[in-house]
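Could you have a look at this structure, given as structure tokens, before my questions?
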């Protein structure tokens, strides 16, 4: 702040002594600018950290949701595989194959027996003598008896 020359002159006329004036040193704006910059950088760092934490939390929630979906799908898959293994079991297949056509075997699906009958004798056919595949049409076939079902 500058002191006008009129004030100095009036003050000198009144008291006659010179006022105790001295030149003030200039303030150091670079220190203030440096401190302001540091405060801004710290505030910016805090905002970046909060934003990054929010992003991590959001992605973790999405990952947890996906893991839960996979776990649920795995449970469903396991139960379906168990059902398939029951449907493909040999006793069930034999029961359906040899069951009576009037007998209701599976009430849920309305499945009746097929009425198949076990053969009394099983014959296996072989080519006699060994013949190349091109001549199979004309080869003689011999019978081999076996006991039991195959």
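The values are calculated or read from the model by the stated rules, or taken from the named source; none is laboratory data. Values in this document were obtained by computation on a predicted structure and should not be read as measured data. Note that each Cβ is placed from the backbone with ideal geometry, even for glycine, and that neighbours are counted across all protein chains shown.
List every residue pair whose Cβ atoms sit under 6 Å apart, with the two residues 6 or more apart in sequence or on different chains, where the first one lies in the stretch 74-103 and is in contact (Cβ under 8 Å) with a residue 60 or more places away in the chain and the second, anywhere, is in a helix (DSSP H, G or I).
Within 6 Å, no pair qualifies.
Next question, about the same structure. Report whether or not residue 95 is assigned to a helix (DSSP H, G or I) and in contact with a strand residue (DSSP E or B) (Cβ under 8 Å, 6 or more places away or on another chain). Show your work before the answer.
On the way: assigned to a helix (DSSP H, G or I): yes; in contact with a strand residue (DSSP E or B) (Cβ under 8 Å, 6 or more places away or on another chain): yes.
Criteria met by residue 95.
Given the condition over 36 Å from the mean Cα position of the chain (by Cα), on the phi < 0 side of the Ramachandran plot and not in a helix (DSSP H, G or I), answer yes or no: does some residue in the stretch 28-51 qualify?
For the stretch 28-51, residues over 36 Å from the mean Cα position of the chain (by Cα), on the phi < 0 side of the Ramachandran plot and not in a helix (DSSP H, G or I): present.
Only one of 80, 8 is part of a helix (DSSP H, G or I), out of contact with any strand residue (DSSP E or B) (no Cβ under 7 Å at 6 or more places or on another chain), surrounded by 10 or more Cβ atoms within 10 Å (Cβ to Cβ) and modelled with pLDDT of 90 or more. Can you tell me which?
80
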